[in-house]
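Here the structure comes first, spelled out in structure tokens, and everything after it is commentary.
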Amino acid sequence: MANKPTTTIRIDLDVKKRAGEVFDEIGIGMSAAINAFLKAVVREGNMPFDMKLEHSKPELKAGNATLNHAFIVRKDEFYTQYEDVAREMSQYPERLRGKTVLCNCDDPFESAFFRFFVLHFNELGLAGLTSTCYADSPMAGREYPLEGGSGAYKAVVAEVPDESIVRPDGSLDLESLFAMPGNSLAYLAGDGDFRSEECEALLEEADVVATNPPFSLFREYMSQLERHNKQFIILGNMNAATYREVFPLFRDNKVWYGESISSGDRKFHVPDSYPLNAAGCGIDENGRRFIRVKGVRWLTNMDTDRRHKPIVLTESYTPAKYPRYENYDAIEVGRTLNIPTDYDGIMGVPITFLDKYSPDQFEIIMLANGNARSNVASKTLAEVGYRPHPEDKGGVGIINGRRVYARILIRRKFS
């Protein structure tokens, strides 16, 4: 077998350290990450991201620098399809009844979330709907420019007419909607950043939050929802479940995956400036640019019946089929459906286990990834029999001297 060539790369030590922390968190090594980057270059015939000089705007506030960097550089300004919103929100009719919903958006009138809740306002029996606009989004003010200038604003809906407000071209009759008593459009003092004081005040007034936050700011968004103790239905990437700020919420049954997405990719509209240089990108029949994103999941803390249905299992345990980790007192289960019916000890399962997880059937103990040694309490590490291994990069499971992907350690519950 031919040997693979060795390549020496000079990397800034601080960049290497910080990148290594990210790779450890998602359970891959530096070599695998570099190989993934090079394969993306070959696949796209170009750099898989834009490389250009971004000049700072003097009028931007320092507190908003991170958000603007996310929109401009990371390009995670994705607009969720109406069909995806409708499928998920329709799972919670009784839990939404009588509630006030908040949707942080780039622009409410470009948002499928705002559209869904307006069209189903009376059917769901909502008490109110508030949606905010982010001033620096290229979508802000395009569909329905406000009088008196441009900037961030809030759309407040307290009543929707019984007759349809959908025009023949599919747009909403916003003039009629906001002519109704109690409904209003008003400028915000700031730029509509969800972390601003006025947006946090709107969050405090709401009962339920429904939106698609920027993936690059998902940690901050989730932390804010947890801090305000709000119910939510938000869209994110399944890798978010491995974040140190998010995984404990899964473990403690404070968040779980939603109902309508469990595999595959999802289509998102993107701004006209977004480059379409990857597989799955395109322009739809209405002339709007779109991309497809893999691993998308709804995250929520609103309960449903499906969440309590046990996984149907058929496999039996044998030592040959289920190897033990060298650094944990647990067995490796490569697929969720292969969880043995007759094993009562600790098991390591893939992240996709969360798609089928029932808290009545299994207990989540910890996440065995590259940050386990620093993120997990010493008492829990002792409980799972963790012993440091020279190859585990801080806690990834080891089998036959080789690291496996990040695993969730679980055990069966007994009634």
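Charged side chains reduced to their Cβ positions (Lys and Arg at +1, Asp and Glu at -1) give the range 263-316 a dipole of some 60 debye around its Cα centre. Each residue, GLU204 and ASP360, gets one label point 7 Å from its Cα in the Cβ direction; the gap between the two is 3.8 nm.
The GluC sites (Glu not before Pro) of the range 287-391 that meet both conditions, a loop assignment by DSSP and at most 14 other Cβ atoms within 10 Å of the site Cβ, are GLU391. A simple spin-label model places the labels of ARG244 and VAL312 4.1 nm from each other, with each point 7 Å out along Cα-to-Cβ.
Need one word for the range 298-401: rounded, prolate or oblate. Basis is the Cα gyration tensor (sqrt eigenvalues a ≥ b ≥ c); a/c below 1.5 gives rounded, then a/b vs b/c decides. In terms of gyration-tensor shape, oblate. Each part reduced to its alpha carbon centroid, the range 357-415 and the range 313-350 end up 13 Å apart. Applying the Karplus relation 6.51 cos²θ - 1.76 cosθ + 1.60 with θ = phi - 60° to the range 397-406 yields 3J(HN,Hα) values of x, 10, 10, 6, x, 10, 6, 9, 5, 3 Hz, where x marks Gly and Pro. For the range 315-322, putting each phi into the Karplus relation 6.51 cos²θ - 1.76 cosθ + 1.60 with θ = phi - 60° gives couplings of 7, 10, 7, 9, x, 5, 7, 10 Hz, in residue order, rounded to whole numbers and with x for Gly and Pro. Computing Rg and the Kirkwood Rh from the Cα coordinates of the range 241-361 gives a ratio, Rg/Rh, of 1.09. Annotation for ASN122 and THR341: the two label points, set 7 Å from Cα along the Cα-Cβ direction, are 5.2 nm apart.
Solvent-accessible area per residue in the range 337-415 equals 46 Å², computed with a 1.4 angstrom probe and all protein chains kept.
Which value, in Å to one decimal place, does the Kirkwood hydrodynamic radius take for the range 158-247 when every pair of different Cα atoms is included? About 15.8 Å for the range 158-247. Between amide H atoms placed 1.01 Å from N, distances below 5 Å from PHE232 occur with VAL209, ASN301, MET302, all of them 5 or more places distant or on a separate chain. Here the extension length gained between ARG87 and ARG227 equals 47.6 nm, from 0.36 nm per residue of separation less the Cα-Cα distance. Backbone phi angles across the range 247-252, fed through the Karplus curve with coefficients 6.51, -1.76 and 1.60 (θ = phi - 60°), yield HN-Hα couplings of 4, x, 5, 5, 4, 8 Hz in residue order; Gly and Pro are listed as x. Pairs over the 26 Å Cα-Cα cut-off, from the set LYS321/LYS413; LYS154/LYS254; LYS230/LYS379; LYS254/LYS309: LYS154/LYS254; LYS230/LYS379.
The values are calculated or read from the model by the stated rules, or taken from the named source; none is laboratory data. Remember, predicted model here, so these are calculated numbers, not experimental data. Cβ sites come from the backbone with ideal geometry, for glycine too, and all protein chains shown count toward neighbours. Quick note on the areas: whole protein, heavy atoms, side chains included, nothing else; ligands and nucleic acids left out. Shrake-Rupley method; radii C 1.70, N 1.55, O 1.52, S 1.80 Å.
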